[in-house]
Amino acid sequence: MRTQVVIIGGGPSGLLLSQALSRQGIESVVLERRSRAHVLGRIRAGVLEHGSCALLRRAGVGARLEREGIRHDGTLIARGDRAVRIDLRDLTGHSVTVYGQTEVTRDLYAARDAAGGTVLHDVADVALHDLDGDAPSVTFRHEGRDRRAAGDFVVGCDGFHGPSRQAIPAAARREFERVYPFGWLGVLSETPPVDAELIYAGSDRGFALCSMRNANLSRYYVQCDLSDRPEAWTDDAFWDELRRRIPPAQAEALVIGPSIEKSIAPLRSFVCEPMRRGRLFLCGDAAHIVPPTGAKGLNLALSDVGLLQEALGRHFSVGDKEGIDRYSERALAAVWKAQRFSWWFTRLLHRFADETGFDRRLRAAEFAALCDGRAARAAMAESYVGLR
Ligand code: FAS
Ligand code: PHB
């Protein structure tokens, strides 16, 4: 098959890129390893920055987001029995929107279907070819046949474990990584959220997060050991631990119920430089991973798409190469800002097994600075609502 842009990966970044390109009359094909049901079965991010909402609206997938997304003007950060509300709207003029990644992906699939877009599922043996020439292609197996997709460009939207990043020769890649010595045990429950806004809580027992998807669907997380397994946690054990880590008022008000999803996500900071090799561009988790503390993973992926769809649009429409030539530099500038914030927020709220007394005092002083200083809250709020 012949197209203009071959996209590997049918998660949010691959789908949004395909949708945004098609709105500019640029053809693409999306090659996805899993079934659509599998992709839509993933429970991941929950918070969208205003820049991400704008991108989705511009791509024509903002209608349900407008109807069902929940606008949040602030968020609560708690440590022990002290808590501080970060008034995002007062401090930055922006809010965030609570709307699950699953729903973003669902909306994008529906839009691709409506536009007659090509998204191939259950694709296997994806391999990238001739990236340094002017006729790159991707071979793959689909429905029992070996196939080839040729295009002007290939975009790796295939997540952290996909093949695209590896297609850049190791000698030409610089990788930066920090693996955290703990994970997040997440639970989804059909219960009303414990509060109107999100609660990020640090405690001597570890981190906890109270989030939501809608008025009767809550999402909670507790920091756990990497050796933990979801099946080792009964619902009661989870609810008891959550209560011990969040402020007393919310612990008292918590409505519990059976978990309908329970999983553990590892935490990692990772960046691959550059995010381009010849006719290959990397986008989203294929190029970078952030700990979910700062709610940056999905938003950073969509930020990459915003830059790339504009760059490819100018290339195909007026032959302007400046956008594609500066994509990696511009994307990485945003990536490292998000890495810094995510690392800072993770260190502020999580318990580290090797932390010293000095570390604990420093963390308490960092939290006190947030409580006592508007400037510190404004700096946190600007990163949280999105730096675009
Ligand atoms: P994705 O990983 O979503 O999509 C990549 C796609 O490529 C997948 O569908 C995969 O099947 C496909 N693929 C892989 N290899 C392939 C191959 N060889 N051939 C074809 N297709 C292939 N972010 C937050 O902001 N908040 C959170 O709470 C949060 N929680 C997370 C929990 C988990 C368990 C994980 C893994 C991530 C979480 N994230 C969170 C980050 C997450 O939301 C990502 O940032 C987001 O999915 C990035 O989107 P994509 O770049 O499209 O990558
Ligand atoms: C979520 O709702 O899944 C969520 C929200 C905020 C985060 C991380 C996860 O920082």
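The values are calculated or read from the model by the stated rules, or taken from the named source; none is laboratory data. All of these numbers come straight from a predicted model, not from anything done at the bench. As a convention, Cβ positions derive from the backbone with ideal geometry for all residues, glycine included, and neighbour counts pool all protein chains shown.
At-a-glance table
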{"read-out": "Hey, Val126 within 24 Å of the chain's Cα centre (by Cα), touching a residue at least 24 places away in the same chain (Cβ under 8 Å) and more than 30 Å from Arg57 (Cβ to Cβ) or not", "value": "yes"}
{"read-out": "Of the criteria (1) under 30 Å from Arg279 (Cα atoms); (2) buried (at least 17 other Cβ atoms within 10 Å of the Cβ); (3) at pLDDT 95 or above, which one Ser383 fails", "value": "(1)"}
{"read-out": "Residue within segment 288-310 that is without any contact (Cβ under 8 Å) to a residue 12 or more places away in the chain and either in a helix (DSSP H, G or I) or buried (at least 23 other Cβ atoms within 10 Å of the Cβ) (or both) present", "value": "no"}
{"read-out": "Condition check for Phe341: in contact (Cβ under 8 Å) with a residue 24 or more places away in the chain and more than 19 Å from the chain's Cα centre (by Cα)", "value": "no"}
{"read-out": "Boolean, Gly162 is within 12 Å of ligand 1 (Cβ to nearest atom) and surrounded by fewer than 22 Cβ atoms within 10 Å (Cβ to Cβ)", "value": "yes"}
{"read-out": "Helices (runs of 4 or more DSSP H) enclosed by segment 1-112 - at least 3 residues per element that are within 18 Å of the chain's Cα centre (by Cα) and within 11 Å of ligand 1 (Cβ to nearest atom)", "value": "12-22, 36-40"}
{"read-out": "Scope segment 113-129; condition assigned to a helix (DSSP H, G or I) and either among the charged types (D, E, K, R) or buried (at least 16 other Cβ atoms within 10 Å of the Cβ) (or both); matching residues", "value": "Asp113"}
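Quick grid of which residues meet (1) outside any helix (DSSP H, G or I); (2) without any contact (Cβ under 8 Å) to a residue 12 or more places away in the chain:
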residue: Asp158; (1), (2): yes, no
residue: Gly186; (1), (2): yes, no
residue: Gly206; (1), (2): yes, no
residue: Leu209; (1), (2): yes, no
residue: Met212; (1), (2): yes, no
residue: Gln223; (1), (2): yes, no
residue: Ser227; (1), (2): yes, yes
residue: Gln250; (1), (2): no, no
